[in-house]
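Worksheet: the structure to be examined is printed underneath.
The values are calculated or read from the model by the stated rules, or taken from the named source; none is laboratory data. Quantities reported herein were computed from a predicted structural model and do not represent experimental measurements. All Cβ positions, glycine included, derive from the backbone under ideal geometry; neighbour counts span all protein chains shown.
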Amino acid sequence: MEHELARELNGALGDATPGLMLSAMGRRLYFPKGIIAQGAEAKQSSSLADGTLGIAVKHKTPLILSALGNQVPGMKAGEIVSYAPTAGIPALRETWAAEIGRKNPSLGKGGFSLPVVTTGLTGGVSALCDLFLDEGQTLMAANPSWDNYVLIAEARRNARMRLVDMFNEGGIDLAALGTALSDEAQKTGFVRIILNFPHNPTGYSPTVGEAAAICEIIRDIAEKGAKVLVICDDAYFGLRFEGNIEPQSLFAYLGNIHENVFAAKVDGATKEDFAWGMRCGFVTFAGKNLSAAHYDALIKKTMAVIRSTISCSSTVVQNLLQNMYSSEASLGKERAAYRDIIEGRYKKVRALVDAQKNHPHLQPMPFNSGYFMSFKCKNVDAESLRQTLLHRYGVGTIAIDERTLRVAFSGLDDDCIDAVYAAIYRAAEELAQ
């Protein structure tokens, strides 16, 4: 039975594209006016005492063990051990919204929702699949793909992943992408796709021309009546190493491209700010003609996913990041220096694989950004190659599938790159004999 609060949110979304694309779970979900909501109200108005939340205080300050608090001397107890709001600390959400706008000027002012804090980008992708992907429905992504997409869509949601061969030697195979999207639209009237750039595992981002072409393909199927959800997985956003790469997220264009297109941006400090294990991601929504009421309903639905799974994301992590963004004058310079390190590794790897472009057994897939590059194994098995590299040469790599070997050059110190790639080519030649 549909809860009254869920019915209110569903009514607010109405026949807008995100409302029509909600999963059965998405329709059922609501943010309760229970402990969290009442606690938030009490925080604003309780002058004598606050007996709403399950925390322990002394003189209205949360208790904290000195063995914990002493490790973070610059922060107050409440910034470390108190519960964060379900959608995230307001100041951090505002800060991240400003960053999205700064990095994606085509969005315009007010062209997207306030971001919701999630536990890493995985938490964001999983929440979106809970909200918009039903059992038996299809989620599309590039082939090869990050393996967690399949785990989330197929194992958790009992949906179907459709992996599209959208890369060729020159970059993105626009014809293959267009055919796959049109086929899905004609079969069901709905398209759900994750676009992950810079792409994991290939390390490719679209050029300016390719980005425009992708958007036109999506606009075309929307104009023909299909409802389209595009999840922009921007985990490695900003790590561009060639001059012709589109500088903005596709979210910047898809968020206002057509009433039948609904875009969700998943990003965060995880990769952009070298804070991998801090697990701080964000989900942000955009769609043409969506109102503040639409965005409010979508945020509450997302909060319902968070409340019913992890309750809230880490308070100390959010405060650490907000403090970093608001007070560290050297942040931009240091961030740029770290990105330069990765770009230097990219250039070194680029030179090595370009020198082996006619190798009989390994063909590099297109790469120009991010943390990774991948080899297409022509006549050797990727898992056998991985095992040989690991146990004979002491080199760790990832076999994405039987024909794709991923190398994270971001994790290779400069002085070992030559040896690593020499080992990769040598091992492939040994296996092919």
- Filtered residues of region 112-152 (kept if charged (D, E, K, R) and part of a helix (DSSP H, G or I)): 130, 147
- Message: Please pick out the residue among 162, 240 that is surrounded by fewer than 18 Cβ atoms within 10 Å (Cβ to Cβ) and either in contact with a strand residue (DSSP E or B) (Cβ under 6 Å, 6 or more places away or on another chain) or not assigned by TED's automatic domain parsing to the domain that holds residue 256 (or both).
- Response: 162
- Could you please find all residues in region 398-420 being assigned to a helix (DSSP H, G or I) and charged (D, E, K, R)? 414, 415, 418
- Query: Quick one: how many residues across region 3-60 are closer than 24 Å to residue 312 by Cα, among the acidic types (Asp, Glu) and either part of a loop (DSSP other than H, G, I, E, B) or modelled with pLDDT under 70 (or both)?
  - Reply: 2
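So if I check each of 395, 380, which one is more than 30 Å from the chain's Cα centre (by Cα) and outside any helix (DSSP H, G or I)?
Values: 395 fails: more than 30 Å from the chain's Cα centre (by Cα).
Selected residue: 380, the only one of 395, 380 that is more than 30 Å from the chain's Cα centre (by Cα) and outside any helix (DSSP H, G or I).
Do you know which residues across region 101-116 are closer than 19 Å to residue 291 by Cβ and in contact (Cβ under 8 Å) with a residue 12 or more places away in the chain?
Here is the first cut: in region 101-116, the residues closer than 19 Å to residue 291 by Cβ are 101, 107-116.
Residues satisfying the conditions are 107, 108, 111, 112, 113, 114, 115, 116.
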- Message: Suppose we filter 134, 183 for residues that are in the same structural domain as residue 308 (by TED's automatic domain parsing), more than 23 Å from residue 406 (Cα to Cα) and without any contact (Cβ under 8 Å) to a residue 12 or more places away in the chain; which single one remains?
- Response: 183
- Consider residue 111 against the criteria (1) in the same structural domain as residue 248 (by TED's automatic domain parsing); (2) at pLDDT 95 or above; (3) in contact with a strand residue (DSSP E or B) (Cβ under 7 Å, 6 or more places away or on another chain): it satisfies all of them except one. Which criterion is unmet? (2)
- Task: Tell me which of these residue 171 doesn't satisfy, since it passes every other one: (1) touching a strand residue (DSSP E or B) at 6+ places or on another chain (Cβ under 7 Å); (2) surrounded by 24 or more Cβ atoms within 10 Å (Cβ to Cβ).
- Result: (2)
- Message: Can you tell me which residue is nearest to the chain's Cα centre (by Cα) among those in region 226-238 that are in a loop (DSSP other than H, G, I, E, B) and touching a residue at least 40 places away in the same chain (Cβ under 8 Å)?
- Response: 235
- Note on the structure: Within region 396-433, of all residues that are within 20 Å of residue 341 (Cβ to Cβ) and hydrophobic (A, V, I, L, M, F, W, C), the one surrounded by the most Cβ atoms within 10 Å (Cβ to Cβ) is 407
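Answer yes or no: is there a residue in region 216-223 that is over 10 Å from residue 261 (Cα atoms) and buried (at least 24 other Cβ atoms within 10 Å of the Cβ).
Here is the first cut: in region 216-223, the ones over 10 Å from residue 261 (Cα atoms) are 216-217, 220.
The next check asks that each one be buried (at least 24 other Cβ atoms within 10 Å of the Cβ); those that pass are none.
Looking through region 216-223, none of the residues is over 10 Å from residue 261 (Cα atoms) and buried (at least 24 other Cβ atoms within 10 Å of the Cβ).
Surrounded by 24 or more Cβ atoms within 10 Å (Cβ to Cβ), assigned to a loop (DSSP other than H, G, I, E, B) and touching a residue at least 12 places away in the same chain (Cβ under 8 Å) - does that describe any residue in region 206-213?
Restricting attention to region 206-213, the residues satisfying the condition of being surrounded by 24 or more Cβ atoms within 10 Å (Cβ to Cβ) are 206.
Checking which are assigned to a loop (DSSP other than H, G, I, E, B) leaves us with 206.
Those still in the list that are touching a residue at least 12 places away in the same chain (Cβ under 8 Å) too: 206.
The answer is yes, given that some residue of region 206-213 is surrounded by 24 or more Cβ atoms within 10 Å (Cβ to Cβ), assigned to a loop (DSSP other than H, G, I, E, B) and touching a residue at least 12 places away in the same chain (Cβ under 8 Å).
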- Message: Restricting to region 159-205, count the residues that are modelled with pLDDT of 95 or more, over 21 Å from the mean Cα position of the chain (by Cα), in a loop (DSSP other than H, G, I, E, B) and over 17 Å from residue 223 (Cβ atoms).
- Response: 1
- Note on the structure: Heads up, the helices (runs of 4 or more DSSP H) in region 282-357 (entirely inside) with at least 3 residues that are within 30 Å of residue 28 (Cβ to Cβ) are 292-307, 315-327
